[in-house]
1. Does TYR168 count as in a loop (DSSP other than H, G, I, E, B), in contact with a helix residue (DSSP H, G or I) (Cβ under 9 Å, 6 or more places away or on another chain) and modelled with pLDDT of 95 or more?
2. I'd like the full set of residues that are over 13 Å from THR63 (Cβ atoms), crowded, with 19+ Cβ neighbours inside 10 Å and of a type in the set (Gly, Ala, Ser), limited to segment 9-39.
3. With the requirement that a residue be among the charged types (D, E, K, R), touching a helix residue (DSSP H, G or I) at 6+ places or on another chain (Cβ under 8 Å) and closer than 13 Å to GLY16 by Cβ, what does segment 26-61 give you?
4. Tally the residues that are surrounded by 15 or more Cβ atoms within 10 Å (Cβ to Cβ) and not charged (D, E, K, R), restricting the search to segment 251-276.
5. Condition first: without any contact (Cβ under 8 Å) to a residue 40 or more places away in the chain and in a helix (DSSP H, G or I). Now tell me which residues in segment 103-141 satisfy that.
6. Output the residues belonging to segment 87-101 that are small (Gly, Ala, Ser) and either part of a loop (DSSP other than H, G, I, E, B) or surrounded by fewer than 18 Cβ atoms within 10 Å (Cβ to Cβ) (or both).
7. Using the structure shown, decide if LYS288 is in a loop (DSSP other than H, G, I, E, B), closer than 24 Å to ALA200 by Cβ and among the charged types (D, E, K, R).
8. Please specify each residue of segment 200-220 satisfying the condition of being outside any helix (DSSP H, G or I), without any contact (Cβ under 8 Å) to a residue 40 or more places away in the chain and surrounded by fewer than 23 Cβ atoms within 10 Å (Cβ to Cβ).
Amino acid sequence: MKFGTLFAYWVREWKGDYALFAKKAAKIGFDILEISAGQLLRMSGKELDELRSLTKDLGISITSNIGPAKNKDVSSKNPAIRKAGIRSLTAIMHAMDRLDSRVLAGVLYSYWPCDFREVDKKAAWELGIASVRDLAETAESLGIDLCLEVVNRFETYILNTCEEAVRYCKAVGSTRAKILLDTFHMNIEEDNIGDAIRLAGPRLGHFHVGEGNRKVPGKGHLPWNEIGKALRDIHYEKGVVMEPFVLSGGKVGSDIKVWRDLSGNATAEKMDKDIKASLKFLKQAFIK
């Protein structure tokens, strides 16, 4: 397994200085830095090349994460919106290829966060599958995994459980259509986290970790040893990426619904210390 973190642990907006965070992640001991995929479209070719060179020198890889906007919802009943979503995610994949980022993760099958103004699951399911099937052709040609995130009922109505994600990926019919499970969402929706991981099996392409209140692993109640055993049971060797959100304010705090400081008013140095300790804790739980 390779261990990483989302850059947004340290910031309040869905953008950042990825060179700075790559250096920080490497210093802490991470193998992966997860970044905002949408930001790639605002980076020049030169900036992408420079970030790729830096991460190679640091010995870490980049994974890309996105919650598409509603006007780029690939499951929309509006064909123009679906086409806009496919164009956007296709452009992102080409930027990822230049960066040598091989995992595109998130609610790629819809939009996020969902406003639930229209809830037609059957239509969104069928239209989304057709769009993801289209995206998978590009993913196959570029060697990128599309990791579809299973999120809780308060953030989407489409994929809430691993069982649904397995059926969805089977319908897409591409080896590049993978499942992304997240312990925060699983803690809400799954009867048993370990069983859900085993159900995903070889379809599990990416794994997000965080406590039930979105603090770093080790600061809550989730059964990390059981989770680690389930990952070992399926011989999982891909990314385990922390997705902690502890700072209130900004677009990140608003989207994630962080209405109070969860860091304990920590300084930047204390936050680095906390996530480094969490990395050590996770490795002890997951690697035997």
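1. The answer is no for TYR168.
2. Of everything in segment 9-39, just one residue is over 13 Å from THR63 (Cβ atoms), crowded, with 19+ Cβ neighbours inside 10 Å and of a type in the set (Gly, Ala, Ser), namely GLY38.
3. The answer is GLU34, and nothing else.
4. Number of matching residues: 9.
5. Answer for segment 103-141, where residues must be without any contact (Cβ under 8 Å) to a residue 40 or more places away in the chain and in a helix (DSSP H, G or I): LYS121, LYS122, GLU126, ALA130, GLU137, GLU140, SER141.
6. Once the filter is applied, which keeps residues that are small (Gly, Ala, Ser) and either part of a loop (DSSP other than H, G, I, E, B) or surrounded by fewer than 18 Cβ atoms within 10 Å (Cβ to Cβ) (or both), segment 87-101 yields ALA91, SER101.
7. yes
8. Scanning segment 200-220 gives GLU211, GLY212, GLY220.
The values are calculated or read from the model by the stated rules, or taken from the named source; none is laboratory data. What you see is a predicted model; the values in this text were computed from it and never measured. Note that we place each Cβ from the backbone using ideal geometry, even for glycine, and neighbour counts take in every protein chain shown.
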